[in-house]
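**Student:** Let me begin by handing over the structure; questions about it come next.
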């Protein structure tokens, strides 16, 4: 059974994500301990709220470097919603510098007629990395649940794993690079598709753990 650390920095409901991961066979631990992050087989960074407080809370708990070290070291990592945005250089929502793990900015939706901001509700994904392990078994254009007013704009478009269209704007809904996956939507609120994504992440962590053991 794999162990997954769910990072606690006072920015969102962590228990829903834990439940989905546990249903897939993982053992989860909600924590802000550096040693727990180092010991875990995988890490999840969820988040709900505003960019600046999120970054401030991570820094006050001295979690920025452990997060960077885990990603750089190849540990499977899943960011969710705000946990995606704070990986970037900064946000139009605030003034704080982001973690800078992914080059690019977080931007606000452009106003247009009949466009609802925030983007709330179910919408379909368009895969840009269709063979990504976390997408396996989802079929084409699965519906997932969004709640956000800002979206990520990576400098490297090749890092986009999926997009979503809101109004006339096609924006990044997920990114993936090596061991890092992060999504703008909420898998824990996305019914069957979301639970499948969490299950796929647990399987990815398990496969990584087995490969390390057998080396």
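**Student:** May I ask you to compute the full-extension gain from residue 147 to residue 192, defined as 0.36 nm times their residue separation minus their alpha-carbon distance, rounded to one decimal in nm?
**Tutor:** Working: separation 45, 0.36 × 45 = 16.20 nm, distance 1.79 nm.
14.4 nm is the gain from fully extending residue 147 to residue 192.
**Student:** Which value in nm describes the separation of the simple spin-label points at residue 35 and residue 177, placed 7 Å from the Cα toward the beta carbon?
**Tutor:** The two pseudo-label positions are separated by 3.2 nm.
**Student:** At 222 nm, what value in deg cm²/dmol follows for the chain if DSSP H runs of at least 4 each add -39500 (n - 2.57) and the sum is divided by all its residues, to the nearest 500?
**Tutor:** -8500 deg cm²/dmol
**Student:** Right, another one. Please state the relative contact order of the range 63-215 as a whole percent: Cα pairs under 8 Å, 6+ residues apart?
**Tutor:** In percent, rounded to a whole number, it is 25.
**Student:** If I take R0 = 25 Å and measure r between the Cβ atoms of residue 210 and residue 19 in this structure, what FRET efficiency does the formula 1/(1 + (r/R0)^6) give, to the nearest 0.05? Walk me through the intermediate numbers first.
**Tutor:** Working: r = 24 Å, r/R0 = 0.98.
Given R0 = 25 Å and the Cβ-Cβ separation, E is 0.55.
**Student:** Over the range 56-142, what is the relative contact order in whole percent, taking alpha-carbon pairs under 8 Å and six or more residues apart?
**Tutor:** Taking the mean separation of contacting Cα pairs over the length of the range 56-142, I get 16 percent.
**Student:** Can you give me the orientation-averaged projected area of the convex hull built on the Cα atoms of the range 3-214, in nm²?
**Tutor:** It is 10.8 nm².
**Student:** May I pose another question? Calculate the spin-label point distance for residue 61 paired with residue 27, positioning each point 7 Å from the Cα along the beta-carbon direction, and give it in nanometres.
**Tutor:** Going from the residue 27 label point to the residue 61 one covers 2.1 nm.
**Student:** Over every pair of different alpha-carbon atoms in the range 37-81, take the mean of 1/r and invert it; report that Kirkwood radius in Å. Could you put the intermediate results ahead of the total?
**Tutor:** Working: mean 1/r = 0.0894 Å⁻¹.
That comes to 11.2 Å for the range 37-81.
Bear in mind that the values in this text are calculations on the coordinates, not laboratory data. Everything numeric here is computed off the predicted structure, so don't read it as measured data. Quick reminder, even Gly has a Cβ in these numbers, built from the backbone with ideal geometry, and neighbours come from all protein chains shown.
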